[in-house]
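So the structure is just underneath, and the comments pick up after that.
No value in this document is a laboratory result; all are computed from the given coordinates. For clarity, every value in this text was computed on a predicted model and none was experimentally measured. Note: ideal-geometry Cβ built from the backbone for every residue, glycine included; neighbour counts use all protein chains shown.
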Amino acid sequence: MARPIIDIRDLSIGFTGRTGKTLPVLRNVDLTVRRGESIGIVGESGSGKSTLALASMGFLKQGLRVIGGSVCFNGEDMFARKRSELEAIRGGQLGLIPQNSGQSLTPTMRIGAQMAEALELHCTLGKDAYHARIIDLLGQVRLPDPEAIFIRYPHELSGGQQQRVAIAMALAGEPDALLLDEPTTGLDVTTQAHILELLRDLARDRNMAMIYVSHDLGVIARVCERVMVMYAGEAVLQGPTAEVLKDPAHPYARGLLASIPRLCDTHLPVALDGRPPPPGGGGAGCAFAARCALVVDQCQAERPALMGAGNGSQARCFRHADAHTLAAGGTGADPLHHRSDGQPALSLDDVSISYASHGFLDRLFGGAAKDIPTVDDISITVASGETLGLVGESGSGKSTILKAVAGLLPPAGGQIAVGEGNALPTMVEQRRPQQLRRIQMIFQNPDDSLNPRHTVAEILAQPLRLYDGLSGQALTERSVEILETVRLGAHYMDRLPGQLSGGEKQRVAIARAFAAEPEIVLCDEITSALDVSVQAAMLELLNDFKKMKDTTYVFVSHDLAVVRALSDRVAVLYQGRLCEIGPTEKVYGNQSHPYTSVLLNAVLEPDPDVAPTLMAEDVVELSPPSTGCPFQRRCTRKQGVTCENETPPWRETGGGHAIRCHIPLEDLGGD
Amino acid sequence: MTDTALQSKGPRRLGRFSVVLRDVISRPSGAIGLTLVLGHIILALISPWLVTYDFKSMDSSLILEAPSAEHWLGSDHLGRDILSRVLQGGRIALLVTGIATPIALLWGGMTGILLGLVGGRVDEVVMRVVDAFLSIPGVLPLLVLVTIFGTGNEVMVPTLAFFYGIPVIRVIRAATHDVVARDFVLAARARGHSRLSIVWRELLPNVRDAMLVEGAMRWSWMLLAFSSLSFLGFGVAPPTPDWGVMIADARAYMPLAPWGVLAPVIALSSLIIGINLTADALAKAMGIDRARKAVV
């Protein structure tokens, strides 16, 4: 067998804590990668997966140090090397593709010049050969028109194109191994699917070794042959991807799988209770013991070693033989569904929103182009107690619509009404307190939506003081009561957001919204900044509130599986226009808008047998077309000039399901 | 929910002030800086009871006398006790800058917050004016004003406060801009809080830190400007002792009596270094310098 390219033996990495004790963030990890192999490292935030990946290129974040073990690249110890030697290897034989390439590209340099820098460091070509080599590399990552990309600046490229440039740069040194740190996180599903296909093909054609770090098992399933699951700095399960994903032999991996919402599963995902121990806080036994359903006395007393668990996989678990008794999906609670024909709670009538502002020169010359609204022609009625899912890629206007409903953005036209009543004033400042309390919004990132200088008590007091005029003892009692409905205790009252975990912060944000006793709650990507196991808990929480208070939700997400888990009805948006709307099972069914099909097919599921289908081109449009169908430029089923000139008609399929397309219903796929 | 549950919340969170103070003291720069600054302030407060000589009284038998048991820091070219003069100089410098700094912070900070909130054209225009002021070398406008209106404290305080409030505008406006763009401000707007309440509850706690650090920086610059003016002969009028004046006067006799220059120089620089070290530690303790904290 060939010598491994990356050989990590018994690696432990840690830092010195405030008390002077050494706290490990990585414990006894072994990892070998050979030429042509691709290994996925999965884990939640704080599991040590990025530390491991960076250590494999001999890099440690500030404050960390190696406690034990070794990292060898091509047979030589990385941590024993000089800085200059490491620099020659990094970017040369070992390429890194970071998460957000837009940030790793220099904004003031043209793509060609940046790539020439990479070539200068890591290849022996003469300067005159650079241009041809760069064009060749850009072509290899399947960028259309490499000559045009060569002279562009990074901000002129879409996120997917920037990521391709980063991949081309990593390939410049003809690497033996590629290190990928969440390279598709933050990209749209369709773009992600394209990038992953590219990476698969590159690894195969060049016979490279790949280490792929991700929190997303679906992505790993697509790209990697072997997978290693990390928990609290340890490898808890490793083996062939297919075996690990089908029948994982570790309770944590099973819990993780169960917490992922699936397109084909109508149940809510199951949350994993508890949270991982802090570095050095695991005690003597298994790090997962406190959260494990199969825990026995031995688990508390003794740290399990990695042991063979059949099918070529190894699990760090004494009870791996019984792990299959735990479900790994499909057993979640049924979401509470609601008829969509009840009293209307929220209605949008022909709402359009425009961001365009005319600059000084436009007004001077009076020659501003005709204004195409960012969001146009949105008419949706949400029934009381119903959950409406709004899906679409970035730039589809889903958050913009929520902000208009909340009164934070003035619509350019149309009206928004609550209940049976009259239209709401457009801006929040003109709304009356009783109108305001009926609509509450939960934001995407709790780090940003909670004031870092306020304690939890102060955060919850804001709506209670404002809407109910509570103070003193009554205020405290009510706040604690609300905290308990989101399963946080009274001892959280004095804490600052910085002292809470991501999930706890989002619970506080949810508690704050429900403190107002709202009828309608607007959820703007509220789970996308959280780990999957925490996401499942948030979905459960929202479902509980729906049961208790009959709340109406408008749930915005780019993740189709998450929307499926919670929604009664789904609306699909493209470029600020509605493409399709209807009951969840119909929209996710066979008969759908071409854009919906593209989205559904690009979703990656943690199932090695399901491959995504790439239907549309990976392009990002910056503005909607002025006439015709919004999807005309990317649609693979475009019907000629009709789609360019005429706004497509709504076609009803029955049961409240409507598709806006020129293609007759019979041709859009049947049930 | 009853009282027992409310009481069982474990150790109380320490007040933020004491947390920050502990952090500042635990850093070498903070400990040294704070000692220097507090030392200066205490000396200034108690110096009337410390010195036995009148800082104005001249003694022809003591001209350029070296430090001795009676005159610890020696005496100057007019035979005045240097220790008394250095201490008295510190009182005046701390008094003038101690009043001018909060005024500068207040007007600069309020203008900055207002501009950050209003934005748009008003912001643009005012900021260009601010830029124009910042492009003029610091002491020049001070010199002009002092020559027109005189050198009394009633002129120095407003003049310093005005000119040193201008850089504060820039810093606080930037801080406000950062905070206003965040979702918690949007969330407060969406709930329907009044503008004043948003500024008070959401904004101020988040720009307070920047303001405190900026205040310390302005203070040290102001001290330097105050002494520079006196050094150039435009500041405090003799015979009132000031560090700048003392350095200027004693400069001519440096080969004969270096202590005459050294004493006010050490006093001035130790105070300015102290303030800068404290500001540095403060910024780190309050997480304004985030890069360091991100690791752990």
According to the Kirkwood expression over distinct Cα-Cα pairs, how big is the hydrodynamic radius of the stretch B:45-141, in Å? 17.3 Å
Counting only DSSP beta bridges with both residues in the protein assembly as shown, what percent are antiparallel, rounded to the nearest 5? 60 percent
Please report Rg (one decimal) and Dmax (integer) in Å for the Cα set of the stretch A:529-600. 13.3, 38
The stretch A:211-339: spread of alpha-carbon positions along the three principal axes, whole Å, largest first, is 52, 31, 27
B:I99 versus A:A423: modelled label distance in nm, points set 7 Å from Cα along the beta carbon direction: 5.9 nm
Can you tell me the relative contact order of the stretch A:97-245? Whole percent, Cα pairs under 8 Å, sequence separation 6 or more. 23 percent
Using the alpha-carbon centroid of each, what span in Å lies between the stretch A:166-227 and the stretch B:243-271? 68 Å
For the residue pair B:I273 and B:L134, what label-to-label distance in nm results when each label sits 7 Å from Cα along the Cα-to-beta-carbon direction? 2.9 nm
In terms of the alpha carbon gyration tensor, root eigenvalues a ≥ b ≥ c, rounded if a/c is under 1.5 and otherwise prolate when a/b exceeds b/c or oblate, the stretch A:92-159 is oblate
Calculate the mean, over all residues of peptide A:448-458, of how many other protein chain Cβ atoms lie within 10 angstrom of the residue's Cβ. 5
Rounded to two decimals, the Rg over Rh value of the stretch A:534-671 from Cα coordinates and the Kirkwood Rh reads 1.00
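Would you work out the relative contact order for chain A, in percent, from Cα pairs under 8 angstrom that are 6 or more residues apart?
13 percent
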Quick one: which of A:K21/B:K284; A:K49/A:K505; A:K546/A:K586; A:K403/A:K547; A:K505/A:K547; A:K246/A:K549 span more than 28 angstrom between C-alpha atoms? A:K246/A:K549
Say R0 is 51 Å: what FRET efficiency, to the nearest 0.05, do A:D273 and A:Q473 get from their beta-carbon distance? 0.95
May I ask you to derive the FRET efficiency for A:K547 and B:H177 from their Cβ-Cβ distance with R0 = 30 Å, giving the value to the nearest 0.05? 0.10
So what are the radius of gyration and Dmax for the Cα set of the stretch A:483-559, in Å? 12.2, 35
Is the protein assembly as shown rounded, prolate or oblate when judged by the Cα gyration tensor, a ≥ b ≥ c being the square roots of its eigenvalues, rounded requiring a/c under 1.5 and prolate requiring a/b larger than b/c? prolate
Using C-alpha positions alone, give me the convex hull volume of the stretch A:1-50 per residue in cubic angstrom. 84 Å³
Sequence-separation-based contact order of the stretch A:1-155, relative, with Cα cut under 8 Å and 6+ spacing, percent: 21 percent
Distance from the stretch B:32-73 to the stretch A:378-448 (C-alpha centre basis), Å: 70 Å
By Kyte-Doolittle mean hydropathy of at least -0.5 and Cα axial length of at least 18 Å, which whole DSSP H helices of chain B are selected? B:28-50, B:82-118, B:120-135, B:153-180, B:204-232, B:259-285
In sequence order, calculated HN-Hα J values of the stretch B:69-74 (Karplus, 6.51, -1.76, 1.60; Hz; x Gly/Pro): 5, 7, 10, 4, 10, x
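Using a 10 Å cut-off around each Cβ of peptide A:559-569, what is the average number of partner chain Cβ atoms that fall inside?
Neighbouring Cβ atoms belonging to other protein chains average 0 per residue here.
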Which residues among the stretch A:104-118 fall inside the zone where the amide N is under 12 Å from a point 7 Å beyond the Cα of A:H131, along Cα→Cβ? none
Rounded if a/c is under 1.5, else prolate if a/b is larger than b/c, else oblate: which is the stretch B:192-246, with a ≥ b ≥ c the root eigenvalues of its Cα gyration tensor? prolate
Taking max minus min of the Cα coordinates of the stretch A:17-153 on each principal axis, largest first, gives extents in Å of 55, 30, 28
Efficiency of FRET between A:C264 and A:A113 - r from beta-carbon atoms, R0 51 angstrom, step 0.05: 0.60
Given the DSSP H assignment, sum -39500 (n - 2.57) over each helix run of at least 4 residues in chain B and divide by its residue total; what's the result at 222 nm in deg cm²/dmol, nearest 500? -24000 deg cm²/dmol
Take chain B, compute every pairwise Cα distance, and split them into 10 Å bins from 0; I just need the percent in each bin. 6, 22, 27, 22, 13, 7, 3, 1, 0
Distance between modelled label sites at B:V265 and A:L665, nm, 7 Å Cα→Cβ extension: 9.4 nm
